[in-house]
Amino acid sequence: MTLLTVGINYNTAPVSIRERLAFPAEILDSSLKELWRLKDISEAAILSTCNRTEFYCEANTENQQILIDWVADHRKIKPTDFTPYLYSHIDSELIRHMFRVACGLDSMILGEPQILGQMKGAYQAAYDAGTLGKHLGRLFQHTFAAAKKVRTDTAIGSSPVSVAFAAVQLAQQIFDKLGEQTAILIGAGETIELTARHLVQQGIGRIIIANRTYDKAHALAMRFNGYAIALAELPLHLAEADIVVSSTASQLPILGKGRVESAIKKRKHKPMFMVDLAVPRDIEAEVEQLDDVYLYTVDDLQNTIDQNMDNRRRAAEQAEEIIDTQVENFLAWLRAQGAQTTIKDFRLQAELTRDETLTKTLGLLNSGMAPEEALKRLAHTLTNKLIHTPSAQIREAGANERHDLIAAAREIFKLNTTQ
């Protein structure tokens, strides 16, 4: 039995290759079953995200070619088109790799938590498809436990490392309950989309998306149950905003000191938290001079992010130590599974000996033998039969100078040294 994986990720393959090897949800179930039905595969799971595709298997071979051939045939791609980008791991290397992936140590953003949910999704898909067995199923469960321990015992995910996430966390420090706040997001690009997603995850009360192109604002607002306005309407709504995050490509400021000052007056000087993530700036620097306005720029957040990345790198070192221990724990479990067959056979042999001896003893009792004599004979016979084979093997080991077997016997049977 070999645990085997092959895969590609953002480090090894460009997006043009990654998208050709992606396994969308609608084909995942059938793909898993097809992979599992391969001759040498006994268990299978597939992790497929925008940044990686990995195939986890229990196989009767260490030869990764079986997976490469299947992927090539299944995705209609020549092996030579993707094999230069592949990596592979077996057994302990695979175990360590899965643990590191789940902990975010192999992610584009160090310590990011989304990959753990994606790996849980891969487990659930394989479980539903019926392609998991004892070993791979247990490995996934151990992987989730290792990731939880890393998250609990280190600061790997406690510090924001994107400007959008940092902005939202800063907003949480200023406002006790985001559920009671209104956020105006200016722009409709990736940064604003990410900010909206983080705000929704943290329970923001209301989102307004303002953009020069109304249709883009509307499309983004629909995704987050928000309200869209054209950029020209911003002065009419600015006073509603407790939080303002702006990220556009405008070459001139969108919000000046006078406009923000007017909004603050309409708000009766309720605090306004503003984050300008644009370069050049969307919000005039003079806005910072206003009372009741907390203005932060991308540079302010970047300093925090740089410090947080250092914290995550230090936490990653701690995480690697935890993973070392968790890998050994799982390997110990695997080794124990290998001993189960021997234990089962030993117990069966002892039970057969017991039953045979007991049957003979019951016959003696039925023939009139005194119970006390029958019990003594039972004990004597059973003892002799149970120790006969081990004694013969130990004696032969001594004759052949197999001191290792003799030492093992003393350890297995917990024998005290005789005087």
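Dividing the mean sequence gap of close Cα pairs (under 8 Å, 6+ apart) by how many residues region 232-300 holds gives a relative contact order of 37 percent. Beyond 27 Å, what percent of the Cα pairs of the chain remain? I get 67 percent for the Cα pairs in the chain exceeding 27 Å. Mean-square fluctuations from a GNM of the chain, with a 10 angstrom spring cutoff on Cα atoms, peak among Ile109, Ile343, Ile322 at Ile343.
If you count, for each residue, the other Cβ atoms within 10 Å and average over each peptide, how do 220-226, 382-388 line up from highest to lowest?
Going from most to least packed, we get 220-226, 382-388.
With R₀ set to 30 Å, the beta-carbon distance separating Glu233 from Gln169 gives a calculated FRET efficiency near 0.55.
Label 7 Å along Cα→Cβ of Val279; region 160-196 residues with amide nitrogen under 18 Å? The answer is 161-167, 189-192, whose backbone nitrogens lie closer than 18 Å to the label point. Available extension along the chain between Thr353 and Lys265 is 22.3 nm, counting 0.36 nm per residue and deducting the alpha carbon span. How large is the Rg to Rh ratio of region 82-215 when both quantities use alpha carbon positions and Rh follows Kirkwood? That ratio is 1.08, to two decimals. When +1 charges are put on Lys and Arg Cβ atoms and -1 charges on Asp and Glu Cβ atoms, the dipole computed for the chain relative to its Cα centre reaches about 980 debye. Loop-resident trypsin sites (Lys or Arg not before Pro) (DSSP state other than H, G, I, E or B) in region 40-89 with no more than 12 further Cβ atoms inside 10 Å of their Cβ: Lys76.
For Lys268, the lysines whose Cα comes closer than 17 Å to its Cα, not counting residues fewer than 8 places off in the same chain, are Lys257.
What are the lysines whose alpha-carbon lies under 19 Å from the alpha-carbon of Lys177, with same-chain residues fewer than 8 places away excluded? Within the straight-line cut-off, Lys177 pairs with Lys270. The protection proxy used here, the mean number of other Cβ atoms lying within 10 Å of each residue, ranks peptides 38-48, 260-270 as follows, highest first: 38-48, 260-270. Positive-end ranking of Cys57, Gly258, Tyr227 along the dipole of the chain, with charges on Cβ about the Cα centre, is headed by Cys57.
In summary, region 163-305 shows an alpha-carbon radius of gyration equal to 0.93 times the 2.2 N^0.38 Å reference for compact globular proteins. Residue ranges 242-248, 22-28 sort as 242-248, 22-28 when ordered by packing (mean number of other C-beta atoms within 10 Å per residue, highest first).
Please compute the length gained on full extension between Ala379 and Thr325, using 0.36 nm multiplied by the number of residues separating them and subtracting their Cα-Cα distance.
Extending this stretch completely gives an extra 14.9 nm.
Residue pairs exceeding 27 angstrom between C-alpha atoms, taken from Lys385/Lys414; Lys33/Lys148; Lys39/Lys149; Lys148/Lys216: Lys33/Lys148; Lys39/Lys149; Lys148/Lys216. Once the chain from Asp306 to Ala392 is taken as fully extended at 0.36 nm per residue, the excess over their C-alpha distance is 24.0 nm. Which residue fluctuates the most in the chain, going by a Gaussian network model with Cα springs under 10 Å, if the choices are His89, His97, His74? Among His89, His97, His74, the largest mean-square fluctuation in the Gaussian network model of the chain belongs to His74.
When only the Cβ of Lys, Arg, Asp and Glu is charged (+1, +1, -1, -1), the dipole of region 2-153 relative to its Cα centre reaches about 260 debye. Computed from label points 7 Å out along Cα-Cβ, the spacing between Gln114 and Leu362 is 6.8 nm. Note: relative contact order over region 342-412, using C-alpha pairs below 8 Å and six or more positions apart, is 25 percent. Annotation for Glu34 and Asn225: the two label points, set 7 Å from Cα along the Cα-Cβ direction, are 3.9 nm apart. Under the definition of Cα pairs under 8 Å and six or more residues apart, what whole-number percent is the relative contact order of the chain? In percent, rounded to a whole number, it is 12. Helix-only arithmetic for the chain: the sum of -39500 (n - 2.57) across DSSP H runs with n ≥ 4, divided by the residue total, places the mean residue ellipticity at 222 nm at -18500 deg cm²/dmol.
GNM remark for the chain: springs join alpha carbons under 10 Å apart, and the peak mean-square fluctuation among Met108, Met369, Met119 falls on Met369.
Just so you know, all these numbers are worked out from the coordinates, no wet-lab data involved. Source: prediction; values computed, not measured. With ideal geometry, Cβ positions are generated from the backbone for all residues, glycine too; neighbour counts draw on all protein chains shown.
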